[in-house]
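The values are calculated or read from the model by the stated rules, or taken from the named source; none is laboratory data. On a predicted model such as this, the values are computed, not experimentally measured, just so you know. Note that we place each Cβ from the backbone using ideal geometry, even for glycine, and neighbour counts take in every protein chain shown. In case anyone asks, the SASA skips ligands and DNA or RNA and just uses the protein heavy atoms, side chains included. Shrake-Rupley method; radii C 1.70, N 1.55, O 1.52, S 1.80 Å.
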Amino acid sequence: MWEASDRVCGKRLKVMIPTLLPALEQHGRLQLGQSGSDRVLAISAATIDRLLVDVKIAASGGRRRRAGF
């Protein structure tokens, strides 16, 4: 969903999930059961950001952004 939403932040992705989830399931890109869908819809923006830390690092070529420049 993060890739399909053009890599938006967790706060914006949380708002987009109710729209993205049915669309991805309809087009065969995602297959979740009812319990999986319920869990995805209930996820918080902070949890989304925590789960995407490693994915974001890999997507940027393995480089971490440094604060304080």
- [ ] Could you state the accessible area per residue of the chain in Å², with a 1.4 Å probe and every protein chain left in place?
- [x] 80 Å²
TODO: Using every pair of alpha-carbon atoms in region 1-64, split the distances into 5 Å bins beginning at 0 and state the percent of pairs per bin, rounded to integers.
DONE: 4, 17, 27, 25, 18, 8, 3, 0
TODO: Can you tell me which of 40-47, 54-61, 13-20 comes out highest on packing, and rank the rest after it, using the mean Cβ neighbours within 10 Å?
DONE: 13-20, 40-47, 54-61
Task: Among G61, L21, I48 - extreme Cα towards positive end, dipole of the chain, charges at beta-carbon - done: G61
Task: Sites S5 and D38, calculated FRET efficiency, Cβ-Cβ separation with R0 25 Å, nearest 0.05 - done: 0.80
TODO: Normalising by the residue count of the chain, find the relative contact order in percent from Cα pairs under 8 Å and 6+ residues apart.
DONE: 32 percent
Open item on the list: Nearest 10 degrees is fine. How inclined is helix 10-26 to the longest principal axis of the chain, computing both from alpha carbons?
Closed with: 40 degrees
Open item on the list: Taking the Cα centre as origin and putting +1 on Lys and Arg beta-carbons and -1 on Asp and Glu beta-carbons, what dipole magnitude results for the chain, to the nearest 20 debye?
Closed with: 460 debye
